[in-house]
1. For Gln29, all conditions in the list (1) within 18 Å of Asn4 (Cβ to Cβ); (2) open to solvent by 60 Å² or more (accessible area, probe 1.4 Å); (3) part of a helix (DSSP H, G or I) hold save one; what is the number of the exception?
2. Report the residue count in region 71-96 for those that are without any contact (Cβ under 8 Å) to a residue 24 or more places away in the chain and either more than 15 Å from the chain's Cα centre (by Cα) or open to solvent by less than 30 Å² (accessible area, probe 1.4 Å) (or both).
3. Within the set of pairs 6+ apart or on separate chains, which have a first residue in region 50-67 that is free of Cβ contacts under 8 Å to residues at least 60 places away in the same chain, a second that is in a loop (DSSP other than H, G, I, E, B) and surrounded by 14 or more Cβ atoms within 10 Å (Cβ to Cβ), and C-beta atoms under 7 Å apart?
4. Take the residues of region 32-55 that are small (Gly, Ala, Ser), at pLDDT below 85 and outside any helix (DSSP H, G or I): which is farthest from the chain's Cα centre (by Cα)?
5. For region 71-107, what are the residues that are assigned to a loop (DSSP other than H, G, I, E, B) and among the aliphatic types (A, V, I, L, M)?
6. Identify all residues within region 33-50 that are surrounded by 13 or more Cβ atoms within 10 Å (Cβ to Cβ) and out of contact with any Ser or Thr (no Cβ under 8 Å at 6 or more places or on another chain); write none if there are none.
7. Just for region 56-70: of the residues that are more than 13 Å from Asp3 (Cα to Cα) and part of a strand (DSSP E or B), which one is most open to solvent (accessible area, probe 1.4 Å)?
8. Do you know which of the residues in region 97-123 that are of a type in the set (Lys, Arg) and surrounded by 11 or more Cβ atoms within 10 Å (Cβ to Cβ) is nearest to the chain's Cα centre (by Cα)?
Amino acid sequence: KTDNALLDLIDRIDLQPDDVTDLKSLPHQRIRDLQLSDGSYAVFPFTSVTKGMSTVIKDDDGTCMVYHKGGADEVLAKCTYFRDSLGEQQSLTDEAREQLAATIKEFASQANRNIGIAYQKIT
């Protein structure tokens, strides 16, 4: 369910006018096909050890981006920065970490599934 929601998010962000009539080539499918054709990515499936999954994508300049998705509390524990509501990178202070952990706990108490997403640039 969460994977489909993330794919739907990609489609909504990058939807083109022709996509309305051509449902066989949605944005997430074009991105996947491009990455498959040039071998510039690797997927590390979910495991109970990592409690998440990761994808590594290599850019043309050799830079790699690692994207990780997993339980929000597990992902939060590994982070040193976060993006605020304006999309700006902020240091993950103890106070900010506690506030985010409280929000995760509150959402979980309402029977909401919490997914964390993190990334790291590797040069």
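The values are calculated or read from the model by the stated rules, or taken from the named source; none is laboratory data. No experiment lies behind these values; they were computed from the predicted model shown. Neighbour counts are summed over all protein chains in view; Cβ atoms, including those assigned to glycine, are modelled from backbone coordinates with ideal geometry. We work out accessible area using only protein heavy atoms, side chains counted, and drop any ligands, DNA or RNA first. Shrake-Rupley method; radii C 1.70, N 1.55, O 1.52, S 1.80 Å.
1. Against the list (1) within 18 Å of Asn4 (Cβ to Cβ); (2) open to solvent by 60 Å² or more (accessible area, probe 1.4 Å); (3) part of a helix (DSSP H, G or I), Gln29 comes up short only on (2).
2. The first filter runs over region 71-96 and keeps only residues without any contact (Cβ under 8 Å) to a residue 24 or more places away in the chain, leaving 77, 80-96.
Then drop every residue that is not either more than 15 Å from the chain's Cα centre (by Cα) or open to solvent by less than 30 Å² (accessible area, probe 1.4 Å) (or both), which leaves 77, 80, 84-86, 88-96.
Result for region 71-96: 14.
3. What qualifies is Ile57/Ser40; Lys58/Ser40.
4. Going through region 32-55, the residues small (Gly, Ala, Ser) turn out to be 37, 39-40, 42, 48, 52, 54.
Next, only the ones that are at pLDDT below 85 stay: 37, 39-40, 42, 48.
Right, trim to outside any helix (DSSP H, G or I) and you get 39-40, 42, 48.
On the way: Gly39: 20, Ser40: 18, Ala42: 15, Ser48: 18 Å.
Here the answer is Gly39.
5. Within region 71-107, the subset assigned to a loop (DSSP other than H, G, I, E, B) is 79-80, 84-88, 92-93.
Across region 71-107, the qualifying residues are Leu86, Leu92.
6. Keep residues of region 33-50 that are surrounded by 13 or more Cβ atoms within 10 Å (Cβ to Cβ), which gives 35, 40-42, 44, 46, 50.
Residues satisfying the conditions are Gln35, Ser40, Phe46, Thr50.
7. The first filter runs over region 56-70 and keeps only residues more than 13 Å from Asp3 (Cα to Cα), leaving 56-67.
Then keep just the ones that are part of a strand (DSSP E or B); that gives 56-58, 64-67.
Details: Val56: 37, Ile57: 44, Lys58: 112, Cys64: 32, Met65: 31, Val66: 36, Tyr67: 93 Å².
Among them, the one singled out is Lys58.
8. Here is the first cut: in region 97-123, the residues of a type in the set (Lys, Arg) are 97, 105, 113, 121.
Add one more test, that the residue is surrounded by 11 or more Cβ atoms within 10 Å (Cβ to Cβ), and what stays is 97, 105, 113.
Numbers: Arg97: 19, Lys105: 20, Arg113: 15 Å.
Across region 97-123, the extreme among qualifying residues is Arg113.
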